[in-house]
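Just so you know, all these numbers are worked out from the coordinates, no wet-lab data involved. Fair warning: this is a prediction, and the values are worked out from it, not measured in the lab. In this analysis, Cβ positions are derived from the backbone assuming ideal geometry, glycine residues included, and neighbour counts consider all displayed protein chains.
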Amino acid sequence: MIIWNRRLTTYAENQMSRKYITIWINGESWLEHRWVWTQAHGPIPDGYVIHHINHDSRDNRLENLELMEQNEHKRHHANYSINDQGVLVKICTTCGETKPVDTGFYINRNSAIGGVIPQCIECDNKRCRENYRKRMAVA
């Protein structure tokens, strides 16, 4: 007999809050989407995650779940893609333009995981100039 309970759990991930449903089955805690996948397909291989196709982390229907390599999953959620010329590109969170990662974005080498900042170089420079003007106006 399977005994289970269900609740909503919030995880902090890269400074964003994501909500997942946690279930307890026979005293063992599972994230519901991982349990659903495991029941249908078996264990999740190392280096892979379960992705919610419609981006609703509470929609744990099997048809909304897919197995995805962890690095591919990170790129997917960071607005990375490869254009027709084979260049890695990213969408700027400020202006919405798609630009090459290597020339259009600053790389944050000081963070623990590294990575590309969300704004393109032009938008980040504009943000810095505006912040500088605000500080000078107060002084």
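Summary of values
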| item | result |
| --- | --- |
| All lysines inside 27 Å of LYS90 as judged from Cα atoms, apart from same-chain residues fewer than 8 positions distant | LYS19, LYS74, LYS99, LYS126 |
| Approximate spin-label separation ASP124-GLN39, in nm, with each point projected 7 Å along Cα-to-Cβ | 4.5 nm |
| Cα centre as origin, Lys/Arg/Asp/Glu Cβ charges: the range 82-138 dipole, Debye | 420 debye |
| Calculated FRET value between ASN83 and ASP56, using beta carbons and R₀ = 22 Å, to 0.05 | 0.20 |
| Contour excess over end-to-end distance, with Cα ends at THR93 and ARG75 and 0.36 nm allotted per residue | 5.0 nm |
| At R0 = 35 Å, FRET efficiency that the Cβ-Cβ distance of ASP46 and ASP102 yields, to 0.05 | 0.75 |
